Amino acid sequence: MPTARNRLAQEIFAPIAVDYERWSRALSFWQDPRWRQELVNGLGLPPGSRVLDVAAGTGQISRLLEKQGLRVVSLDQSLAMLTRARARGAAAVAARAEALPFPDASFDGLTAGYLLRYLEDPLAGLRELARVVRPGGRVALLDFGRPRGVWGGLWRLYTSLGLPAAGALISPGWHRVGAFLGRSIDDFHRAWPKPAMERLLSQAGLSHVRSANPSLGGGLILWGTRL
């Protein structure tokens with residue numbers, strides 16, 4: 001059954017599916033594509049490996065994985081987003097990350113972009129992601145970070161004021177996303193700072209956990225190996 005956070009994500013992102021890729025790039029100052037590429041580059045799976053891309057959205061990470069010769073299944077709860085991925089040829093499945101419709105150890109790897117903040121129970125959600133990956137398989141997760149120092153102040157100014165204002169110039173849907181995003185990122189990092197999130201991945205059944213904070217800390221990428 002969809003959680004409150006599932007429903008919120010549906011409501012926020014369905015209206016912007018048609019132009020999501022264009023404006024997500026621009027509003028991140030073209031850093032988002034770099035983060036997605038770094039996530040995929042760090043996955044370390046050989047060509048032909050089977051990968052599940054969770055919270056795939058319009059399929060941006062899925063396409064990067066396919067370019068590396070990986071066999072990809074794109075999964076998202078949003079039919080509006082998933083329709084865009086299917087239109088580009090993705091093998092797509094509509095489902096929630098908390099209840100993946102696959103047997104244990106079905107995939108050699110798993111990726112998820114901007115999912116962590118929407119998990120009602122992060123540990124249970126991460127265990128469900130790890131469940132469908134074979135032992136020795138790889139997991140890679142991407143979300144927003146939170147810069148520190150002077151960059152942290154500029155980041156908060158942009159996410160609290162600049163992003164909502166820019167979104168309002170695009171559409172009502174993007175204004176809502178812009179108004180929501182900064183608060184969502186801050187709340188997440190207060191509850192789950194990076195060391196706590198790394199421990200959570202270990203508790204979920206992943207070893208060799210490592211992380212990166214590209215773009216002065218604006219991005220957060222986590223990798224781990226399924227035990």
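The values are calculated or read from the model by the stated rules, or taken from the named source; none is laboratory data. Treat the numbers as computed from the prediction; the structure is a model and nothing was measured. Cβ sites come from the backbone with ideal geometry, for glycine too, and all protein chains shown count toward neighbours. Side chains are part of the model used for accessible areas, which takes the heavy atoms of the whole protein and leaves out ligands, DNA and RNA. Shrake-Rupley method; radii C 1.70, N 1.55, O 1.52, S 1.80 Å.
If you roll a 1.4 Å probe over segment 153-200 with all protein chains in place, what percent of the accessible area is carbon or sulfur?
Of all accessible area on segment 153-200, carbon and sulfur atoms account for 67 percent.
Nothing charged except the Cβ atoms of Lys and Arg (+1) and of Asp and Glu (-1): what's the magnitude of the dipole of segment 100-227 about its Cα centre? Round to the nearest 20 debye.
It comes to approximately 280 debye.
Considering the dipole of the chain built from charges on the beta carbon (Lys and Arg +1, Asp and Glu -1) around the Cα centre, which of His208, Pro2, Ala112 is farthest to its positive end?
Farthest towards the positive pole: His208.
Can you grab the distance from the C-alpha centre of segment 139-211 to the C-alpha centre of segment 1-72, Å, no decimals?
Between the Cα centre of segment 139-211 and that of segment 1-72, the gap is 15 Å.
Could you work out what % of the accessible surface of segment 22-142 is carbon and sulfur, using a 1.4 angstrom probe and leaving DNA, RNA and ligands out of the count?
Exposed carbon and sulfur together represent 55 percent of the surface.
Binning every alpha carbon pair distance of the chain at 5 Å from zero, what are the percents per bin?
Spelled out bin by bin, the chain gives 1, 7, 15, 20, 22, 18, 11, 5, 1, 0 percent.
Hey, if we sort Trp223, Trp192 by accessible area with the 1.4 Å probe, largest down, what's the order?
Solvent-accessible surface, decreasing: Trp192, Trp223.
Extending each Cα 7 Å along its Cβ direction at Phe29 and Ala168, get the distance between those two points in nm, one decimal.
Taking the two extended label points, one gets 2.2 nm.
Expressed as a rounded percentage, what relative contact order does segment 4-110 have, with Cα pairs under 8 Å and six or more residues apart?
27 percent.
May I ask you to derive the relative contact order of the chain, considering only C-alpha pairs under 8 Å and at least 6 residues apart, and to give it as an integer percent?
20
Considering only protein heavy atoms, with the full assembly of protein chains and a 1.4 angstrom probe, order Trp23, Trp151 by accessible area, largest first.
Correct descending sequence by accessible area is Trp151, Trp23.
Give a quick list of trypsin sites (Lys or Arg not before Pro) in segment 97-183 that DSSP marks as loop, anything other than H, G, I, E or B, with at most 16 other Cβ atoms within 10 Å.
Arg148
Just to verify a number: what accessible area does Thr225 come out at with the full protein assembly present, 1.4 Å probe, Å² rounded to tens?
Using a 1.4 Å probe on the heavy atoms, I get roughly 30 Å².
Note the full-extension length gain between Leu227 and Ala212 as 0.36 nm times their separation in residues minus their Cα-Cα distance, in nm to one decimal.
This chain segment gains 3.3 nm when fully extended.
Over segment 71-179, calculate the relative contact order: mean separation of alpha carbon pairs under 8 Å at least 6 apart, over the residue count, as a percent.
So the answer I get is 19 percent.
What does the charge dipole of segment 133-199 about its Cα centre add up to, to the nearest 20 debye, if the Cβ of each Lys and Arg holds +1 and the Cβ of each Asp and Glu holds -1?
With Lys and Arg at +1 and Asp and Glu at -1, about 200 debye.
On a 1.4 Å probe surface of the protein chains, which of Arg50, Arg199 comes out largest in accessible area, and what is the full order?
The most accessible residue leads, giving Arg199, Arg50.
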